[in-house]
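The values are calculated or read from the model by the stated rules, or taken from the named source; none is laboratory data. Worth saying up front: this structure is predicted, and the values here are computed from it rather than measured. Heads up, the Cβs are rebuilt from the backbone with ideal geometry, glycines too, and the neighbour counts pull from every protein chain shown.
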Amino acid sequence: MRYDTVIIGAGLSGLAAGIRLAYYGQSVCILERHTTIGGLNSFYRLRDRNYDVGMHAVTNYAPPGSKVGPLSRVLRQLRFRWDDFDLKPQVESLVAFPGARLRFSNDFALFVEQIAQAFPSQIDGFRKLCSRIESHDDVPLDQQHLSARGVIGESISDPQLIDMILCPLMFYGSASPRDMDFHQFAIMFKSIFFEGFCRPLQGIRPILKALVRKFKSLDGVLKLRAGVRSIELDNGRAVGVVLDDGREIATENVLSSAGYVETMQLCAGSEVVVATEDSGDVTFVEGQFIVPDQPADLGHTETIIFYCNSERFHYENPEQPCDLRSGIICCPNNFQYEEPLPEGIVRLTALANATYWMTLPEEEYQRQKQTWFGRMREAAAPYLPDYYGKELDTDVFTPRTIKHFTGHVNGCVYGSPKKHLDGTTDLKNLYLCGTDQGYLGIVGSMFSGITVANLHLLRQS
């Protein structure tokens, strides 16, 4: 078998890249180790219920028919209609810290108003920061690293406000502890605060299924249960892959969404040296529980709550199994749907220590998942109605789960702190898309695959 391009991973970025290449006549094969698509943003069925994993919300919301913004660009490049994803905007979200709360929606004016009320001495500086973010060009792929905290500090002096701005953006996209690269900070700020959250009624499924249908309609080949054992090289150039079962596939190009470190580990005979710190160590435990009521009927009206119970926000690998000082509460019910979800869903997320979860014996691992999810619920309790005793079902995943289903070292959702914005590696004809390319979120993942395909693989055609 031989293809113009082999793509490793059937996540959002790999599927989007495959569609883009197939539109222009390339023969494309997407290889996925697991039995389902989606990678970091997937879905599963457990005890007769559907669950999403990864996605809390789609960022970069734009009203149907919009001509500007990342979402409209993705739809145009992949030739989808707005109705194909059926995205509905959030109701309202919240950043909650000791003594201060900032509400925000898809109307940025609300967030500005909230900051003016809670931090009146900082509002001029905040507007100055917004102007810098608006003028920042996201397109160039040769951005130099710049500390986001440093840039914010040029305009805002209140440390709590700085933390409250960073908290949602870091939770939703930072592979680096304690700080963000300003380029990625600007992308996330625009996607969450300027544009906002949205979600299809059925979660990630309709987006993934639409991508697969489109890819297959263009004669793209998708192989599940087809993990890659190695990437074959010839004089420093990728020429093919060997699958876990020993089958060989020849190709002109390999595009990997597996992550930089993970991809380099697949390269048979490569002399490329991967530094230990390139692996990253920021990861999460997440659990969700199902209740019979609509959360809004119980007083839980926020779409997403980003909370911190300590004076300062600590975004780093915790010493404890989970960091109970901060977290995310997501309620998939609280989007502006025409019809409600049949049951209430509440998802809790906290920073986690990967080493702890990776090394537990299986029986103890199962016990500790339930123990720490219970503690996460206690930490989140001040922001929630009393759900205890109402649960119909619960499920919990850890860095160990993420590692199993994505292959990411340490189970790091956002991969390596070192991003490869132009999608290139040190090996010829081997490219990266997805997490370690650097575009973030659901829309960002698709845009990553499109960008690398356009920049490198279509120019060869």
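If you take the residues in the range 304-315 that are out of contact with any Cys (no Cβ under 6 Å at 6 or more places or on another chain) and assigned to a loop (DSSP other than H, G, I, E, B), which one is surrounded by the most Cβ atoms within 10 Å (Cβ to Cβ)? Only one residue tops the list, namely Tyr315.
When Ile156 is tested against (1) crowded, with 18+ Cβ neighbours inside 10 Å; (2) assigned to a helix (DSSP H, G or I); (3) of a type in the set (Val, Ile, Thr), only condition (2) is not met.
Each row is one residue, and each column tells you yes or no for (1) buried (at least 16 other Cβ atoms within 10 Å of the Cβ); (2) outside the structural domain of Pro382 (by TED's automatic domain parsing); (3) closer than 27 Å to Tyr414 by Cβ.
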| position | (1), (2), (3) |
| --- | --- |
| Val241 | yes, yes, yes |
| Ala250 | no, yes, no |
| Glu262 | yes, yes, yes |
| Cys267 | yes, yes, yes |
| Val285 | yes, no, yes |
| Glu302 | yes, no, yes |
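Being touching a helix residue (DSSP H, G or I) at 6+ places or on another chain (Cβ under 9 Å), over 24 Å from Val274 (Cβ atoms), in the same structural domain as Ile165 (by TED's automatic domain parsing) and not in a loop (DSSP other than H, G, I, E, B) holds for only one residue in Thr349, Thr355, Thr371, and it is Thr349.
Elements of the type strands (runs of 3 or more DSSP E) sitting completely within the range 1-102 and holding at least 2 residues that are hydrophobic (A, V, I, L, M, F, W, C): these cover 2-8, 28-31, 42-46, 93-97. In the set (1) over 24 Å from Leu78 (Cα atoms); (2) assigned by TED's automatic domain parsing to the domain that holds Met446; (3) buried (at least 20 other Cβ atoms within 10 Å of the Cβ), the condition left unmet by Gly236 is number (3).
In the range 376-388, which residues are in a helix (DSSP H, G or I), out of contact with any Phe, Trp or Tyr (no Cβ under 6 Å at 6 or more places or on another chain) and surrounded by 15 or more Cβ atoms within 10 Å (Cβ to Cβ)?
Within the range 376-388, Met376, Arg377, Ala379, Ala380 qualify.
Determine, yes or no, whether Ile290 is assigned by TED's automatic domain parsing to the domain that holds Tyr337, touching a residue at least 40 places away in the same chain (Cβ under 8 Å) and either outside any helix (DSSP H, G or I) or out of contact with any helix residue (DSSP H, G or I) (no Cβ under 7 Å at 6 or more places or on another chain) (or both). When the stated conditions are applied, Ile290 passes them. Taking each residue of the range 133-157 that is in contact (Cβ under 8 Å) with a residue 24 or more places away in the chain and looking for partners that are among the acidic types (Asp, Glu) and assigned to a strand (DSSP E or B) with beta-carbon atoms closer than 9 Å, six or more apart or interchain, yields Gln143/Asp181; His145/Asp181; Leu146/Asp181; Ser147/Asp181; Ala148/Asp181.
Yes/no matrix, rows are residues, columns are (1) closer than 19 Å to Ser217 by Cα; (2) of a type in the set (D, E, K, R); (3) not assigned by TED's automatic domain parsing to the domain that holds Ser448:
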{"site": "Leu46", "(1), (2), (3)": "no, no, no"}
{"site": "Asp52", "(1), (2), (3)": "no, yes, no"}
{"site": "Val58", "(1), (2), (3)": "no, no, no"}
{"site": "Pro63", "(1), (2), (3)": "no, no, no"}
{"site": "Gly69", "(1), (2), (3)": "no, no, no"}
{"site": "Arg73", "(1), (2), (3)": "no, yes, no"}
{"site": "Phe80", "(1), (2), (3)": "yes, no, no"}
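Checking every residue in the range 194-211 against the condition of being in contact with a helix residue (DSSP H, G or I) (Cβ under 7 Å, 6 or more places away or on another chain), assigned to a helix (DSSP H, G or I) and over 28 Å from Arg49 (Cα atoms) gives at least one match. Residue check: Asp297 meets all listed conditions (1) outside the structural domain of Ala453 (by TED's automatic domain parsing); (2) without any contact (Cβ under 8 Å) to a residue 12 or more places away in the chain; (3) touching a helix residue (DSSP H, G or I) at 6+ places or on another chain (Cβ under 9 Å) but one, namely (3). Scanning the range 415-442 for residues that are on the phi > 0 side of the Ramachandran plot and in a loop (DSSP other than H, G, I, E, B) returns Gly415, Gly423, Asn429, Gly434, Gly438.
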